[in-house]
């Protein structure tokens, strides 16, 4: 068995992170602490947008930013559920006035542009007559596995229940958004295509397996229920993946991050009025863009790599495209506005249903570790004045 970070033989396991050797666990812990209070103290004017912030990585990253003093706009397909989760935190009273939650389903391009509009309006309110600016954009929302229709229907129903019960509307920037199944899109009929090689009916292949699913009830309690489990796209081949999943993965993982970078970058950083092609001075970033990706988006050293093997090609494609946003635009963003753009692979924190029991059901790192990786470029920039940009970052480097 190998250490998750250094890939050397594990001889002595860390008690907290048994997938790490002792030195790597110490390095992981110290690096993660850089983006926690009081080590990272952000100014009261620091503003951030985090997409996909209702649960998991986006949720924990948003909490870190709030606890470090930032003002955060958090997006979610289910915004009222997101508000309920944030306000259930014990220390919510300390930072809740700096939180705004925006509804957006990135399977719809219209929602992305509505988010841009709401972001501008919120930043204008926060500026209170001053300069309207955005300091951090984290493109975290991702479509890896497509939820079943029934699961989405339950989430939409919960949003309606919360709408009737919730008394904390001040945290919610609702705008025109309404939660809807499949982003309100009508499944493709693929009309006019005569080839027998194309088959799509919008229904996933059913597998005689059941899984437990955690649900949050309107009063904040957690319940477990069992539902029939659909074969996930993580183990589907090129010929099995529904076209709907192919399109939604690219919409969420690639197209919307591109839209947000393009529309919000003019609100970030400081314009460089010099004509020199040399890197700007001072070196401390004026703003940050972090695109959350994974190793699925990189070219492997061998065509027989076990990380690909003819599975989830649509996700791999979308992550590769996301990486190209960073590689293509990072230098321009840095030289033009002193915005440090990076791609971050936050690590192995979750698994597809088919792999839930791998490694005894324990992932090498947790969501807090992932949040530390995501915010590391911000921490070294704000704490030490060090500019890290144009990089594919994994394990804090």
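Miscellaneous remarks
- Count of the stretch 229-245 residues, restricted to those that are over 20 Å from residue 307 (Cβ atoms), crowded, with 19+ Cβ neighbours inside 10 Å and at pLDDT 85 or above, is 1.
Yes/no per residue for (1) out of contact with any strand residue (DSSP E or B) (no Cβ under 8 Å at 6 or more places or on another chain); (2) over 25 Å from residue 370 (Cα atoms):
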| residue | (1), (2) |
| --- | --- |
| 298 | no, no |
| 302 | yes, yes |
| 308 | yes, no |
| 322 | no, no |
| 344 | no, no |
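- Selected residue [modelled with pLDDT of 85 or more and in the same structural domain as residue 118 (by TED's automatic domain parsing)] from 269, 297, 310: 269
- Subset tally (residues that are surrounded by fewer than 19 Cβ atoms within 10 Å (Cβ to Cβ) and in a helix (DSSP H, G or I)) for the stretch 123-132: 4
- Residue 329 over 17 Å from the mean Cα position of the chain (by Cα) and in contact (Cβ under 8 Å) with a residue 60 or more places away in the chain: yes
- Which numbered condition residue 360 misses (of (1) surrounded by fewer than 19 Cβ atoms within 10 Å (Cβ to Cβ); (2) at pLDDT 95 or above): (2)
- Enumerated helices (runs of 4 or more DSSP H) restricted to the stretch 14-122, each holding at least 3 residues that are buried (at least 22 other Cβ atoms within 10 Å of the Cβ) and in the same structural domain as residue 261 (by TED's automatic domain parsing): 56-67, 79-87
The values are calculated or read from the model by the stated rules, or taken from the named source; none is laboratory data. Bear in mind that the values here come from a model prediction, so they are computed numbers and not experimental data. When we count neighbours, we look across all protein chains shown, and the Cβ atoms used for this are built from the backbone with ideal geometry, even at glycine.
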